[in-house]
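The values are calculated or read from the model by the stated rules, or taken from the named source; none is laboratory data. Keep in mind that this is a model prediction, so the values were computed, not measured. Quick reminder, even Gly has a Cβ in these numbers, built from the backbone with ideal geometry, and neighbours come from all protein chains shown.
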Amino acid sequence: MRGRPGSRRALAGWRRTRTVAAAGIATGLLALACASPPEVEPRYRPTQSVLEVVAVLRRHVGEDTYRFEPGRDFTGRNVYRASLLRLENLETAHAYALRAGTLDDVIAFSKARALERIRGYELAAASYRHAAERDGPLQQEARKSAAICDALHEATLIRPDNRLGPPEREVALRSFARRRALLEALRIEVEGSHYTSVVDEELERSDLAQASYLADIRRLHPDGDVRALAAMQKLVVRHRESKNTNTHLLALADLYAELAVEYVQEHPPESLRFDPPRFEELVESAARMYEAVSNQDGTAEKLEAARRLEAFIAFTLKVDRDRFSP
C-alpha cells in the first residue's frame, strides 16, 4: 500500500537532515585531526637548555636555607632537587648533542651545587672533582667546594656506634661533641659563603640528634630528665633564628608535658606524695611553650600547638578534679 504524500516528504526530510549532520561531524573530526595541539605556556614546557637550569640554580644558591625554607620551582618542588633531576634528564635526552663534552664541567658543577643542598655531600664532592678535571673558571672553586663537601660528609658520619648495642651515655656524648667541633671549625672556614647556611643546618641537626638521644634514654639515668631538658633548651636557644624554631619549641613543650604526665602517674593527685608546686612548674612550662607557638600566625605549627595545648589543659583539669573531688 502506498504511503501518503505527506509521510514520504517527512521521511525524505529526515534523511537529508541525518546526512547533513553526519557530514558536519566528519568535517569536525577532520578539522580536529589536522589542527595543531594547543600552545603550552612556556614555563610548563620541558627544559631544553642546560643554561636554563644553571640560571635557576645560580639565582637560588645564595639563599639562607637555615633561616628560610628552600626555594621552590613553578611546580612547587624543592628547587635543588628539581634542578638535579632536570640536569640528569638533559644528560639522558641530549646525550648525542652533549657528546663533545664542552659543558661537562658546567653540568658536573651545577649538579654538585644541587646535591650539597639536599645533603648528598659525598656525591657532591665527587661531582665537584669531576668538574675540576677540566681547566677553566670553575676549576679552583670546584676543588675548594669538593674539600668542604668532604668535611661535611665526614661530620655526618660521626654518630654513636650502636652496632653492639646502645653505647654508654658519655661515649655517645663524646661523639656528638666531636661532630660539633668539626662543624664549628668548618663554619669559621666558610664564613661569608653560601656554605654558611649549609653548615648551620648541619649544626642544628647535630644538636637535635643529641637532644633526641638524651630524651630517649632519660629514664635510664637518675639525672636523665634534667639532662634531656637542658639539651632541648639549648637546642631552642642556639637555633632560635632557624626556620625550625617552632618545631623545636613544640618538642620542648612535649617533653615538659610528658614529664607532667609521668609525675602524675608516679605521684597520684589524691596521694600525700603529690607536690603541687612541682606539678605546676611542669604545667606552666609546657603551656608557655605551646602558647608561644600557637600565637605564631602564618606558621604550619600554629594549629598543631593549639590542639596539643587543648589536650594538655584537659589533662590538667582532670588532675585538679581528682585532687579536690570528695
Notebook entry, point to check: GLY192 versus (1) farther than 30 Å from GLU141 by Cα; (2) part of a loop (DSSP other than H, G, I, E, B): which is the lone unmet condition?
Noted result: (1)
Notebook entry, point to check: Residues ALA251, ALA172, ALA231: which one is modelled with pLDDT under 95 and of a type in the set (Gly, Ala, Ser)?
Noted result: ALA172
Next item on the list: Have a look at GLU280, GLU270, GLU258 and point out the one that is surrounded by fewer than 17 Cβ atoms within 10 Å (Cβ to Cβ) and at pLDDT 95 or above.
Entry: GLU258
Check: If only one of VAL226, VAL236 is without any contact (Cβ under 8 Å) to a residue 24 or more places away in the chain, of a type outside the set (Asp, Glu) and surrounded by 15 or more Cβ atoms within 10 Å (Cβ to Cβ), which one is it?
Finding: VAL236
Item checked: helices (runs of 4 or more DSSP H) (entirely within the stretch 71-146) containing at least 1 residues that are loosely packed, with under 14 Cβ neighbours inside 10 Å -> 79-93
Notebook entry, point to check: Within the stretch 193-248, how many residues turn out to be within 23 Å of ILE118 (Cβ to Cβ) and of a type in the set (Gly, Ala, Ser)?
Noted result: 6
Notebook entry, point to check: Has the stretch 180-189 got at least one residue that is among the β-branched types (Val, Ile, Thr) and at pLDDT 95 or above?
Noted result: yes
Note to self: Here is a list: LEU208, LEU203. Which entry is buried (at least 20 other Cβ atoms within 10 Å of the Cβ) and part of a helix (DSSP H, G or I)?
What the structure shows: LEU203
Item checked: Output for the stretch 144-160, where each listed residue is out of contact with any Phe, Trp or Tyr (no Cβ under 6 Å at 6 or more places or on another chain), in contact (Cβ under 8 Å) with a residue 40 or more places away in the chain and among the hydrophobic types (A, V, I, L, M, F, W, C) -> ALA155
Notebook entry, point to check: Is it the case that some residue within the stretch 282-305 is over 37 Å from the mean Cα position of the chain (by Cα), in a helix (DSSP H, G or I) and more than 13 Å from LEU250 (Cβ to Cβ)?
Noted result: no
Next item on the list: May I ask you to say which residue of ARG179, ARG163, ARG187 is of a type outside the set (Phe, Trp, Tyr), free of Cβ contacts under 8 Å to residues at least 24 places away in the same chain, assigned to a helix (DSSP H, G or I) and not assigned by TED's automatic domain parsing to the domain that holds ILE313?
Entry: ARG187
Notebook entry, point to check: Mind checking whether some residue in the stretch 132-152 is under 23 Å from ARG86 (Cα atoms), at pLDDT 95 or above, assigned by TED's automatic domain parsing to the domain that holds VAL54 and among the β-branched types (Val, Ile, Thr)?
Noted result: no
